[in-house]
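**Student:** Got a structure for you, questions after.
The values are calculated or read from the model by the stated rules, or taken from the named source; none is laboratory data. Remember, predicted model here, so these are calculated numbers, not experimental data. Cβ sites come from the backbone with ideal geometry, for glycine too, and all protein chains shown count toward neighbours. Quick note on the areas: whole protein, heavy atoms, side chains included, nothing else; ligands and nucleic acids left out. Shrake-Rupley method; radii C 1.70, N 1.55, O 1.52, S 1.80 Å.
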Amino acid sequence: MTDTETEENPSSAIGAEASSVLTPPSESTASASRSISRAPSVSVLSLSSVGSDGEQETPERKGPKKDANKTNEEMDDSAKPTNPKTGDTEEEGSKEQDSDESESDDESDEEGSKHGFRVVINGTEINVESHHGSSQCSGGRHCFVFGHQMHHHIQEEMKKRMEKMEKEAKTRKEKEMKEIGDVVDSELAKLTGLDTVRKFFDDLKFNAERNKIVRANTKRDRYHAIFQGNPGTGKYQPLLYALGVVKSPRRVKRTGTELTHKPIREVLEKFNLDDDDDGGGVLIVDEAYQLVAPHAGNAGRDVLDTLLTNMEDHSDKFVVVFTGYKNDLEAFFAHNDGLPSRIPHVIDLEDFNDDQLLAILLQLFQERFDGRAKLEEGRNQVYLRAAIRRLSAGRGKRGFGNARSVESLFMRICERQARRLRQTTMQSFEDCLFFTKEDIFGPPPSDVRETSLAYRALHKLVGLEQVKESVEDMIDMIEENYKRELEGKRPLQVSLSRVFVGSPGTGKTTVGVHYGRLLADLGLLSNGDVVIKSPCDFIGKAVGESEAKTKAILATTVGKVLIIDEAYMLDPGRTTGNTAGAHDNYRMAVLDMLVAEVQGNPGDDRCVILLGYEDQIQSLFYNGNPGLAGRFMWDKPFRFENYTQDQLLDILILDLNSYDLTADQAAIDAAMGVLSRAMKSPQFSNGREVRNLVSQAILNYQTRQRRIDRRLRQNGVLTAQDFDLHLEDDGTAKRTITFRSLLNWKVSESVIEQLEKCWPESLHLTKQTDALRLVPRTYLFKGPPGTGKSEVARQLGELCYQRRLLSSPSVVEYSGADLIGQHVGHTPQKARAALARGIGKVLVINDIQQLLRGGYSSEALDELASYLRKHSESSVIVLTGNAEAANSLMKLRPDLAAFFHDEIVFDPLSASESLKILDHWLKLKGVLGPFFESPDTQSKFERRMQLLMKAPSWSNASDIAQLTRRILRAIPYNMWRDGPFRDGLLCLTNEIPHACIREMYETKWSRAKTAPNGGDAATNPSSCKPDNSCSTLEAQVHQQDTTPQEAMAEKKDKKKQKAVEEVLKDMGVCVQGYRWRREGNGWRCEGGSHYVSDSQIERYQG
C-alpha cells in the first residue's frame, strides 16, 4: 500500500474484539467435546476466527497476528479449559479416556448431535451447525466446541456476549469518529485563512448531525466535491468518515495523468464497491483537468466517464474529490453537461491576505528560533509588511504559493542574513539572531553599483551607451520603488521583461546575461540564471501543443531570465504575406500564453527578454496579442546601436590582446578598411564581425608564416596582408585600379572621360572618408543596347569595393519587368524582395522604359524611391535605358530625379573604336588581326564596319563580341597549327575578317526583311538578301576599295570559284549541299565537315 492511499476494514475491529474472549479449537475436537460434557457448569466458551481474512489489524489496535494453524500446545495455558478436579487442561484429561468409550460416544452422537443456531456478529448473520460434539458456522470461518447438553446454554451465552460486543464496538467507533472529527476541527482552526473551507466543513457537520437526529434517509445524498486550489483537500476524507458519510476510512489519491496512464479498474478495485459493509472510501483526483487535456486524448475522457458512473451508482459510500486551478477546470466542466448536478460542492479557495501572510511569516520566525529572533521592525513592522506586500503582488495569479511563498521568502531572508554575517569578523550569539532591514527587505538598489559584479561587467562593455543609460534609469526607478514600499506606498509599475532591439553582434545576449544577474543582485529575481530559447522551441505542430510547450518553458524559468532570440519569428502574420486578416494560429497561441503568464507586475519572479530587429519586432507587436506591448514595455525598448569605427577599433584591440597578438599600424588600418566595407552590408554583425576578422587573420598569418624562413619569422605579429589579401605587408594595394585601366578596349573613350569627371584622379589615391563621400552613388546610364552599360556597372562595383564604399563587388541586375507583379499586392512584395538583394552591392535596373507602361509599374517605382531613401549611402544604384525613356522617367517622377544627378551618355561606338575593340579581343585569344597593318587596310575595314553598323539591330560591343567569335571559328585547324605567327600571335589575312563581316551584314538584313508571302526570313531563305539600296551601297564601297586590275582578277576568281563549286557538287562530297569556300590549298564546306584539296579536284577533272 502506498503513501497516498489508506485502506481499512471496519469489521476487523469486531473480529479483534472477539478474539480477546474466544480462542481457537484444538485439532482433537472430539476429545475436547467430551471434556466439556462432563463439566456442565463451564460458562466460558472458546471461539476464534480462523484464516487471514478474519485477522486484519486496524490502526487503532495493532499487534502481532495469531497464527491460525497453531495447535493448543502452542497456545497460552490460560486460554485452554481446565479440569476442576485435576487441574489439568481438558485436552490432557481427554487423552486418559478409553478409546472404546470415545467410539461409543461418537456413535451415539451421530444421529442426535446435528443441531444448528444463528449468531449475529456486528449485523452479520452466521448459521452455526454442530457435528460430533462441535459446531461450525456455515461459512467455515468460526468453530465452536460444546457438549450435547450445552446447546441452550451456548445460545443464551452467545447472544449476551455478542450483544455486549456490538454495543462496545459501536461505542468505540463513535468515540473514534468523534476523536477524528475533533482532530480535523483542531487542525483547521490552526490554519491561517481558508475561511471558505472552514465554513463548508461546518455546514457539512451540522447537516450530518441534523440527519442523525431526525433519522433521515441519506442514501441518495452526494458528497462529491471540487476544490479549486490545493489547500484543504486532505481534511475532507477524514471528516466524511467521522460524520459517517462513508463507512470505510480508505483514501486513494491520484493525479489526472496517473489515472490516464493506468487502468481505472485497478483503482476502483481498491474500494471494494460491491461489499455493502466494508466497501467505499474517498478518491482524490489532483489536477483533474489533465483528464480532458488535449494530450490525454480519449483515454482521459473514458476514465472520467467511468468515474462518473461509479459516483452515481455508489454515492452512499464512494466519494470523489477533484482538485485543480479554476481556469483549467473550465474544460473539465465542459466535458459533460451533467457534471454540476453530480458534483454539488464546488469550493473556491481564496489566496491569503497580507495580514494572514504576515502571521505565517512571524510564525516561521517563532518556530525556527523559538521566539528568540529579533527583527529590525521599524514602526508597525514596516519592513516585514513591505516584504509581504511585495510578495503578495502575485496574489490572484496562477501558481501563487500562499504559505509556500512565505516559506520561500523566509529562506531568502535567512540567506541574506548569512551573507551579511559572513562578511563580518566577529559574530556574537545575539548577532546571529538579529535580522536587519536589508536582511528582511533586501539591500537598497543603489548598493549594486558598488557591490554587483554584473553591474561592473555591463559598464566595461564597449559602446552600448543607450543601453547603459536605460539600465541606470531602471535602477533609479527601482530605488524609488524601494523607498515607496518602505513608506507603505504602492510601488510604481516596472516590468522586468523587456525588448532588446538591434543588429546582430551588438551584445544583446551578453547584456541579457548581465541584466539577469543584476536583477538577482537587486533582489528582484530569485535565481538570475539565463536560459536562451529560439521561437522553434515554442511553436507546436498540433492544436494545443504551442500552449503546452510555452507553458512548460515558462514553468522551468521562474526566477530566471528567459531570452527568446530572433523573437520576430513568432510574428503570426510573418508567413502569410500581406493577406488581410490571415494569422498563424500556432504562433498566436505562443503570444497568448506569454500574455497570460508574463504579467510584468512588481514582485513577479520572472523576466522574459525578446531579441530581434526593431522593424520586425514592431511587426510582431502589431500582429500579435494587443496586451503584448504592455507586458514588455515596447514603448521603451533597449536599443543596441551599431558600433562606430572607433568602437570597432577598441573591440579589435581587445580581441587581439585576448590572443596575445600584436599588429602594426598598417595592419590596424587594413583591418579597419575591411570592417568599413563590411559595415555597408545588411548582414554586418558588429562585434561578431571583428571576431571573425581576427580569426581569419590568424589563419592567413599561419599560412604566411609557413612560407617564411624560420629565422625571419616574427611570432605573434600580424601584418596588413593577414587582414586583407589584396594588400602588401606595408598596407599598399597590390594593384591600383582606375576606370581607364578597367574599361579600356571595352567602352568608348567618351564614356571613360565622363566617369573620370565623376571620379577625379585624387579619389583613387586617397583613403580619407570625407573625400570618398564626394563619389556619387547613383547613376543614370543613357544609350542604346550594347554600348557597355553592364560592363561599366560591373567595373564600378570592383572600384567601389576597393575604395571601401561597398561591402561586396557583386552586381545585382534586374530589368524593369522583374520588379512588376501580376496581381494586386504582388508588386510591392516582389520589388521589395528584389531590391533588398542589392544592399551593399551595385544594383542595376535595365530597360527602365518597362517601368513607364502603367498598371502596377507605379508601385514598383514607389518601392524604388523608398529603397533610395534608405540605402542610397550603402549601395550603388544604376538605372539604364535609352535617352528618351530616361528623360521621361525623370520628368514623371521628381522624387527619383532628386537622387540621379549624374548621367553617363553611352554613344554608339565609332568604326575606329569598334576595330580597336575587335583587335584587342582577338589578341586576348592569341590572334593578330590585319586591321592596322597599313592605313589603307585600316580604311577598308573601317568602311566595312560602317556598313555593318548601319545594319538593323546593331548592338555595338555585343555584336563586336559576336564578330570576334565568328572570326575565331572561321580560322582553319591547319592555320592554328602551321601559322604564320608573329610574337606568338597567329597572323590573319584579310579574307577571313572580310568574310565574317559580310556574313554578319547579310544575316542582319535577312532577319530584318520579311518574306513576300507574309512569312519571315526563317521560313523563306530566298528572301534573306539585302535590298537593292544596300547592294548598291556595298558595290560602291567595293568599287572604292579595288583598282581595275583587282576588279578584273576578282571577276576571274569568282568565275573560277563558280566552276569549282560545280565540280564539287558533281563529286557529291557534301551531301547536305553546303556552299564551299576557299581554305588554304583547297576548299571546305561551310558545314565544316568536308575538305577537298586542289589536287583532288584536278584528279577528278583529269
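**Student:** Of these, Leu868, Leu864, Leu879, which one is out of contact with any Leu (no Cβ under 6 Å at 6 or more places or on another chain), open to solvent by less than 20 Å² (accessible area, probe 1.4 Å), in contact (Cβ under 8 Å) with a residue 40 or more places away in the chain and within 13 Å of Leu819 (Cβ to Cβ)?
**Tutor:** After ruling out the rest, the residue left standing is Leu864.
**Student:** Does the stretch 700-732 hold any residues that are without any contact (Cβ under 8 Å) to a residue 12 or more places away in the chain and acidic (Asp, Glu), and which are they? Let's see the steps before the verdict.
**Tutor:** Keep residues of the stretch 700-732 that are without any contact (Cβ under 8 Å) to a residue 12 or more places away in the chain, which gives 702-703, 705-715, 728, 732.
Within the stretch 700-732, Asp709, Glu728 qualify.
**Student:** Considering only the stretch 297-332, state which residues are open to solvent by 70 Å² or more (accessible area, probe 1.4 Å) and within 38 Å of the chain's Cα centre (by Cα).
**Tutor:** Answer for the stretch 297-332, where residues must be open to solvent by 70 Å² or more (accessible area, probe 1.4 Å) and within 38 Å of the chain's Cα centre (by Cα): Asn298, Arg301, Asp302, Tyr325, Lys326, Asn327, Glu330.
**Student:** Any idea which of Lys205, Lys247, Lys199, Lys219 is at pLDDT below 80, open to solvent by 60 Å² or more (accessible area, probe 1.4 Å) and part of a helix (DSSP H, G or I)?
**Tutor:** Testing whether each residue is at pLDDT below 80, open to solvent by 60 Å² or more (accessible area, probe 1.4 Å) and part of a helix (DSSP H, G or I) leaves just Lys199.
**Student:** Which one is surrounded by the most Cβ atoms within 10 Å (Cβ to Cβ), of the residues in the stretch 970-997 that are of a type in the set (D, E, K, R) and in contact (Cβ under 8 Å) with a residue 40 or more places away in the chain?
**Tutor:** Glu991
So that you can scan it fast, the table gives a plain yes or no per residue for (1) out of contact with any Phe, Trp or Tyr (no Cβ under 7 Å at 6 or more places or on another chain); (2) among the hydroxyl-bearing types (Ser, Thr, Tyr); (3) within 30 Å of His295 (Cα to Cα):
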{"site": "Lys460", "(1), (2), (3)": "yes, no, no"}
{"site": "Glu465", "(1), (2), (3)": "yes, no, no"}
{"site": "Lys489", "(1), (2), (3)": "yes, no, no"}
{"site": "Leu496", "(1), (2), (3)": "yes, no, no"}
{"site": "Gly507", "(1), (2), (3)": "no, no, no"}
{"site": "Cys536", "(1), (2), (3)": "yes, no, yes"}
{"site": "Ala542", "(1), (2), (3)": "yes, no, yes"}
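**Student:** I'd like to check which helices (runs of 4 or more DSSP H) are fully inside the stretch 864-953 and have at least 2 residues that are acidic (Asp, Glu).
**Tutor:** Per the criteria, 911-924, 935-949.
**Student:** Does Ala225 count as at pLDDT below 80, over 22 Å from Arg404 (Cα atoms) and buried (at least 16 other Cβ atoms within 10 Å of the Cβ)?
**Tutor:** no
**Student:** Out of Leu610, Leu594, report the one residue that is open to solvent by less than 10 Å² (accessible area, probe 1.4 Å) and over 16 Å from Lys551 (Cβ atoms).
**Tutor:** Answer to the check: Leu610.
**Student:** Output the number of residues of the stretch 628-679 satisfying the condition of being closer than 19 Å to Leu725 by Cβ, in contact (Cβ under 8 Å) with a residue 60 or more places away in the chain and in a loop (DSSP other than H, G, I, E, B).
**Tutor:** 0
**Student:** Restricting to the stretch 1077-1101, name every residue that is closer than 18 Å to Glu991 by Cβ, small (Gly, Ala, Ser) and open to solvent by 50 Å² or more (accessible area, probe 1.4 Å).
**Tutor:** Gly1080 - this is the single residue of the stretch 1077-1101 that is closer than 18 Å to Glu991 by Cβ, small (Gly, Ala, Ser) and open to solvent by 50 Å² or more (accessible area, probe 1.4 Å).
**Student:** Do you know which residues across the stretch 684-719 are out of contact with any Ser or Thr (no Cβ under 8 Å at 6 or more places or on another chain), surrounded by fewer than 17 Cβ atoms within 10 Å (Cβ to Cβ) and within 15 Å of Thr506 (Cα to Cα)?
**Tutor:** Selection gives Arg688, Arg691.
**Student:** State all residues of the stretch 253-281 that are assigned to a helix (DSSP H, G or I) and either open to solvent by less than 60 Å² (accessible area, probe 1.4 Å) or under 16 Å from His224 (Cβ atoms) (or both); if no residue qualifies, say none.
**Tutor:** Gly256, Thr257, Leu259, Thr260, Ile264, Val267, Leu268
**Student:** Go through Ala666, Ala678 for me and flag whichever is open to solvent by less than 20 Å² (accessible area, probe 1.4 Å) and either touching a strand residue (DSSP E or B) at 6+ places or on another chain (Cβ under 7 Å) or hydrophobic (A, V, I, L, M, F, W, C) (or both).
**Tutor:** Checking each option against the conditions leaves just Ala678.
**Student:** Here's a follow-up. Could you figure out which of (1) of a type in the set (A, V, I, L, M, F, W, C); (2) closer than 28 Å to Arg390 by Cα; (3) outside any helix (DSSP H, G or I) isn't true of Met477?
**Tutor:** Here Met477 meets the rest and fails (3).
Each row is one residue, and each column tells you yes or no for (1) surrounded by fewer than 19 Cβ atoms within 10 Å (Cβ to Cβ); (2) touching a residue at least 60 places away in the same chain (Cβ under 8 Å); (3) touching a Phe, Trp or Tyr at 6+ places or on another chain (Cβ under 6 Å); (4) among the hydroxyl-bearing types (Ser, Thr, Tyr).
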{"residue": "Leu889", "(1), (2), (3), (4)": "no, no, no, no"}
{"residue": "Ile917", "(1), (2), (3), (4)": "no, yes, yes, no"}
{"residue": "Lys940", "(1), (2), (3), (4)": "no, yes, no, no"}
{"residue": "Gln962", "(1), (2), (3), (4)": "yes, no, no, no"}
{"residue": "Leu968", "(1), (2), (3), (4)": "yes, no, no, no"}
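**Student:** Could I ask something else about it? Being surrounded by fewer than 21 Cβ atoms within 10 Å (Cβ to Cβ) and not in a helix (DSSP H, G or I) is the filter here; which residues of the stretch 815-855 pass it?
**Tutor:** Passing the criteria: Ser815, Gly821, Gln822, His823, Val824, Gly825, Arg837, Ile839, Asp847, Arg853, Gly854, Gly855.
**Student:** Another question, if that's okay. I need the full set of residues from the stretch 780-820 which are farther than 26 Å from Ser750 by Cα and at pLDDT 90 or above, in order please.
**Tutor:** Gly816, Ala817, Asp818, Leu819, Ile820
**Student:** Here's something else I'd like to know. Here's a check for you: in the stretch 507-558, which residue that is of a type outside the set (Asp, Glu), within 22 Å of Lys468 (Cα to Cα) and open to solvent by 60 Å² or more (accessible area, probe 1.4 Å) is farthest from the chain's Cα centre (by Cα)?
**Tutor:** Only one residue tops the list, namely Arg517.
**Student:** Would the stretch 371-391 turn up any residue that is touching a residue at least 40 places away in the same chain (Cβ under 8 Å), basic (Lys, Arg) and assigned to a loop (DSSP other than H, G, I, E, B)?
**Tutor:** Looking through the stretch 371-391, at least one residue is touching a residue at least 40 places away in the same chain (Cβ under 8 Å), basic (Lys, Arg) and assigned to a loop (DSSP other than H, G, I, E, B).
**Student:** Among the residues that make up the stretch 912-919, is at least one of them more than 26 Å from Pro784 (Cα to Cα) and either touching a helix residue (DSSP H, G or I) at 6+ places or on another chain (Cβ under 7 Å) or of a type outside the set (Asp, Glu) (or both)?
**Tutor:** Checked against the condition, which is being more than 26 Å from Pro784 (Cα to Cα) and either touching a helix residue (DSSP H, G or I) at 6+ places or on another chain (Cβ under 7 Å) or of a type outside the set (Asp, Glu) (or both), the stretch 912-919 yields no hits at all.
**Student:** Please determine, by comparing only the residues of the stretch 299-354 that are of a type in the set (Phe, Trp, Tyr) and touching an Asp or Glu at 6+ places or on another chain (Cβ under 9 Å), which one is farthest from Ile388 (Cα to Cα). Can you show your working first?
**Tutor:** Restricting attention to the stretch 299-354, the residues satisfying the condition of being of a type in the set (Phe, Trp, Tyr) are 318, 322, 325, 332-333, 352.
Among the residues that remain, those that are also touching an Asp or Glu at 6+ places or on another chain (Cβ under 9 Å) are: 322, 325.
On the way: Phe322: 31, Tyr325: 23 Å.
Taking the candidates together, the pick is Phe322.
**Student:** Pick from Leu433, Leu391, Leu375: which is at pLDDT below 85 and aliphatic (A, V, I, L, M)?
**Tutor:** Leu391
**Student:** Moving on to the next point. Residue by residue through the stretch 419-436, note down the ones that are part of a helix (DSSP H, G or I) and over 15 Å from Phe365 (Cβ atoms).
**Tutor:** Of everything in the stretch 419-436, those that are part of a helix (DSSP H, G or I) and over 15 Å from Phe365 (Cβ atoms) turn out to be Arg419, Arg420, Leu421, Arg422, Phe429, Glu430, Asp431.
**Student:** Another question about this same structure. Restricting to the stretch 1053-1076, and then to whatever is modelled with pLDDT under 80 and surrounded by 13 or more Cβ atoms within 10 Å (Cβ to Cβ), can you tell me which residue is farthest from the chain's Cα centre (by Cα)?
**Tutor:** This residue is Gln1057.
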